[in-house]
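Every number here is computed from the coordinates shown, using simple stated rules; none is lab data. Fair warning: this is a prediction, and the values are worked out from it, not measured in the lab. No Cβ is skipped: glycine too gets one built from the backbone with ideal geometry, and neighbour counts run over all protein chains shown.
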Amino acid sequence: MSDIVLSVEVRERTGKGGAREARRGGLVPGVLYGGDRSPVAITLKNNELIKAINSGKFLAQMITIDHKGEMQTVLTRDVQFDPVRDFPLHVDLQRVDASSIISVEVPVRFLNEESAPGIKRGGVVNVVRHTIEVYCPAGQIPEAIEIDIAHMNIGDSLNISEVNLPDGVKPTITDRDFTIATMQGSRAVIEGEEEDDEDAEADEDAEVEAEDEASED
């Protein structure tokens, strides 16, 4: 769980007009929903929110909100940004507790890439999924799913069944063994190996011909 605590206020005026009014006052409009309580329109202080976002511990993490001294744990579900000026426009927060089972996107982090035989041969890792959606307790969201690819060679694929997920973490997709990454060879490597194979075949043919001629003699 993140150590971020943000102050919130209930937003009496909703809709686009209320959202614009909040932004003019240096606030960011948002919605708090989930649990056994009704959705509530809220506002957060713009400077506090930007600081939380820049910490890297805000998105898809449990944080605490403070409404006039009443603390509540929530999960950041979405932040909408201005496409030009890149400042927050709206925030969606979901009420959770540490034991709540939630679905969340967790980034993938590859380990020991430089040790992989495929990399040493000039290959590259083709990342199919940069994140994996998983079910896990809200209080145990992993910062990243770490995957060791030291064994991967050119032509290999890495599927979810090969990944050791942390305790209590399960993929949301269970009906197929989806691919996370592949190891691909560069054009130069592939062409070089094809030439080696052709040379080997030519040498083998020459040996066979020599043996045939020797047997005829």
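3J(HN,Hα) along region 55-67: 6, x, 10, 9, 6, 6, 9, 6, 10, 10, 10, 10, 10 Hz, from the Karplus curve 6.51 cos²θ - 1.76 cosθ + 1.60 with θ = phi - 60°, whole Hz, x for Gly and Pro.
Within the same chain, lysines fewer than 8 places from LYS51 are excluded, and of the rest, those with a Cα less than 22 Å from its Cα are LYS68. Global size of the chain: 27.2, 104 Å for Rg and Dmax (C-alpha atoms, Rg to one decimal, Dmax whole). Normalised by the number of residues in region 5-96, the mean separation of alpha-carbon contacts (under 8 Å, six or more apart) gives a relative contact order of 31 percent. Computed as a quarter of the hull surface, the mean projected area of the alpha carbon convex hull for region 102-185 stands at 5.1 nm².
Rounded to two decimals, the Cα radius of gyration of region 5-96 over 2.2 N^0.38 Å is 1.00. Amide H contacts of ASP78 (H built 1.01 Å from N, in plane; Pro and chain starts excluded): ASP92 sit under 5 Å, all sequence-distant by 5 or more or on other chains. Over the chain, Cα pairs under 8 Å with separation of 6+ residues give a relative contact order of 16 percent. Annotation: extensible slack from ARG20 through PHE87 equals 22.7 nm (criterion: 0.36 nm per residue apart, minus Cα-Cα distance). Within a Cβ distance under 10 Å of VAL31, other residues only, what is the Lys/Arg minus Asp/Glu net charge? Overall, the nearby charge balance is 0. Model label points for ASP78 and ASP148, set 7 angstrom from Cα along the Cα-to-Cβ axis, are 3.9 nm apart.
Couplings for region 98-109, taken from phi via the Karplus curve 6.51 cos²θ - 1.76 cosθ + 1.60 with θ = phi - 60°, read 4, 8, 4, 7, 10, 9, 8, 8, 10, x, 9, 10 Hz in order; Gly and Pro are left as x. Less than 5 angstrom separates the built amide H of ASN153 from those of GLY118, all sequence-distant by 5 or more or on a different chain. Counting charges near LEU59 (Lys, Arg +1; Asp, Glu -1) among other residues having Cβ under 12 Å from its Cβ returns a value of -2. Considering helices alone, the calculated mean residue ellipticity of the chain at 222 nm is -8000 deg cm²/dmol, with DSSP H runs of length four and up weighted by -39500 (n - 2.57) and normalised per residue. Taking amide H as placed 1.01 Å from N in the peptide plane, the amide H of ILE42 sits under 5 Å from that of ARG11, GLY30, VAL31, LEU32, each at least 5 places away or on another chain.
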